[in-house]
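The values are calculated or read from the model by the stated rules, or taken from the named source; none is laboratory data. A quick note: this is a predicted structure, and the numbers were derived from the prediction, not measured. In this analysis, Cβ positions are derived from the backbone assuming ideal geometry, glycine residues included, and neighbour counts consider all displayed protein chains.
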Amino acid sequence: MNNPDLSDERCAVFVHGLHKSGTMFLYQLMYRLCRERGIRFFSANHPEPNDHLVNPNIDFDFCVGPIRTFETNTLAISSRHRICRLFQVRDPRDVLVSQFHSLGWRHTDEGFSSNQRDSRLTIQQLTIDEYVLDARLAISPLVARYEQLMNYQLTETDQIVHYEEMVTDFPRWLARVVPAFCFSSPRWICSKYAFKYRNEFRPDPEPNAHKRSVVPGGYCDSLKRETLVRLDEQLAPILQAFGYGQSSVFRKQRRVLP
């Protein structure tokens with residue numbers, strides 16, 4: 001760890017992000033930032049998960065994540081901590097399209113329960129337009145998750161960050177995230193990791209690759225126009241709350257791209 005000037009302020013960082021919102025990259029980055037800062041990292045993604053060890057008696061700096069929900073009813077933390085929650089959001093229409101490919105084909109079914117296998121078989125029998133509009137499989141669960149964040153009262157130390165900015169302007173996104181870790185030299189950290197991950201968000205050309213597409217608004221290329229209209233209607237409160245435009249706007253923008 002080469003960072004020369006670390007703050008003594010206690011901090012507790014909770015990193016939230018839904019499935020298909022770049023959570024595996026969040027895990028990698030948080031792991032490195034915690035090592036840089038010299039603080040404990042609790043995560044369900046560790047080879048030996050330890051997120052269950054978080055408790056009200058912790059008296060040191062730590063980070064937890066990625067928490068794949070916007071649920072915030074966590075255990076009380078010592079008043080000595082500066083608590084910060086980072087909420088990573090992504091356009092729910094892109095999330096739905098990515099889920100279709102991920103849950104239907106890309107993720108291995110090794111270790112799946114019978115219910116999970118049945119769900120996969122159901123998805124594989126649907127077209128992508130049918131899936132994204134399916135209330136039980138797709139729309140309702142996703143809306144419920146976003147509503148958790150919409151109903152949460154942000155504090156002055158909380159931050160909503162966007163997947164779209166992460167993949168299109170990573171240095172700017174990083175500058176929003178790093179201060180949560182109480183570095184006294186955040187600009188040094190930002191410069192280091194902006195350089196390290198300068199080529200991170202290049203998609204894999206393989207159709208079923210994990211990083212198949214990172215372009216914001218890519219869902220427009222996958223769905224029929226009538227599906228886009230119905231999604232815009234059903235997801236309107238979420239789109240408005242987090243600053244996402246109508247599909248017609250994305251379609252116009254993508255037509256003028258080189």
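At-a-glance table
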| quantity | calculated |
| --- | --- |
| Top-ranked residue of the stretch 32-81 - restricted to ones that are within 19 Å of residue 181 (Cβ to Cβ) and among the aliphatic types (A, V, I, L, M), ranked as modelled with the lowest pLDDT | 77 |
| Strands (runs of 3 or more DSSP E) wholly inside the stretch 57-168 containing at least 1 residues that are in contact with a strand residue (DSSP E or B) (Cβ under 6 Å, 6 or more places away or on another chain) and within 19 Å of residue 42 (Cα to Cα) | 62-67, 82-89 |
| Count of the stretch 234-253 residues which are modelled with pLDDT under 95 and either among the hydroxyl-bearing types (Ser, Thr, Tyr) or buried (at least 19 other Cβ atoms within 10 Å of the Cβ) (or both) | 4 |
| Any hit, the stretch 181-188, residues being more than 22 Å from residue 18 (Cα to Cα), touching a Ser or Thr at 6+ places or on another chain (Cβ under 6 Å) and either buried (at least 16 other Cβ atoms within 10 Å of the Cβ) or of a type outside the set (A, V, I, L, M) (or both) | yes |
| Sole exception among (1) buried (at least 22 other Cβ atoms within 10 Å of the Cβ); (2) assigned to a helix (DSSP H, G or I); (3) not aromatic (Phe, Trp, Tyr) for residue 35, by number | (1) |
